[in-house]
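So the structure is just underneath, and the comments pick up after that.
Derivation of every value follows stated rules applied to the coordinates shown; laboratory data play no part. Being a predicted model, the structure only gives us computed values, none of them experimental. Please note: Cβ atoms are built from the backbone with ideal geometry, for glycine as well, and neighbour counts cover all protein chains shown.
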Amino acid sequence: MNIDNSVINSINGGGKTPNLSPSQSQEMRDSFMTLLITQLQNQDPLNPMENAEMTSQLAQINTVSGIEQLNDTLNGITQQMDAAQALQAAGLIDKAVLVPGSNVMVSVDDENNAYATPFGIELASPASQVEISVLSKSGEVVYTNRVGAVAAGVESFSWDGLTNEGAVAPEGAYTVRFSAMNSAGEPIEAQTLNYALVQGVSPGNGNNDVRLDLGAIYGQVTLDQVKQIL
């Protein structure tokens with residue numbers, strides 16, 4: 001008499017990690033042991049179960065317990081990671097960051113001094129030549145600057161808020177664009193980054209998805225979208 005493979009497969013989740021509640025798992029183990037004892041009691045004395053076969057069946061039921069313990073351990077680690085990530089995110093409140101985007105904001109004080117928010121670029125590979133262009137809402141280029149070679153990675157830049165003619169740019173929102181070339185004069189991949197201020201943190205729900213609140217304009221981003229802390 002052998003234990004039906006469907007019973008063992010049910011216990012082991014059909015070869016996959018089982019998704020059973022503790023009570024269901026215990027019930028399955030009890031059923032397995034009952035069947036195993038019944039099998040031993042009713043086996044043919046002239047053809048008893050081999051030790052290897054019984055050991056294999058016992059090992060399969062023990063696998064369930066091991067997987068459950070591993071899942072509990074992983075859940076605990078995940079919770080600790082969520083807590084650490086939330087704590088890290090909370091430390092960014094009221095700090096300025098660079099995140100994917102192309103917005104530049106210009107403000108002008110009573111003495112007609114212009115102030116522009118920083119911006120940045122993330123390069124996949126080194127560039128021998130990078131050109132910055134700032135455009136108005138209408139698409140007019142108000143400022144350009146060739147900054148030369150830039151290393152791969154994230155680099156931040158600033159603009160004094162003056163146009164190419166030296167005039168103070170009107171207060172408002174602008175768009176920044178980058179053109180990056182390698183030593184062979186070929187364009188390379190570049191991601192534009194804009195300035196934002198972290199205003200709050202939304203905790204995750206167990207999936208490592210803690211989000212930073214950047215206000216109404218920029219919405220929320222995840223920690224991995226923060227490319228640089230200014």
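Between rounded, prolate and oblate, where does the range 139-223 land on the alpha carbon gyration tensor, with a ≥ b ≥ c its root eigenvalues, rounded for a/c under 1.5, else prolate if a/b exceeds b/c?
Values: a/c = 3.22, a/b = 1.46, b/c = 2.20.
Because a/c hits 1.5 or more and a/b fails to exceed b/c, the range 139-223 counts as oblate.
Look at the alpha carbon pairs under 8 Å that are at least 6 residues apart: their mean separation over the length of the range 98-196 gives a relative contact order of 43 percent. Expressed in units of 2.2 N^0.38 Å, where N is the residue count, the Cα radius of gyration of the range 90-136 is 1.53. Counting only DSSP beta bridges whose two residues both lie in the range 98-196, roughly 100 percent are antiparallel. In terms of surrounding Cβ atoms within a 10 Å radius of their Cβ, 37, 121, 132 rank from fewest to most as 37, 132, 121. A Cα-only calculation for the range 98-196 places Rg and Dmax at 13.7, 47 Å.
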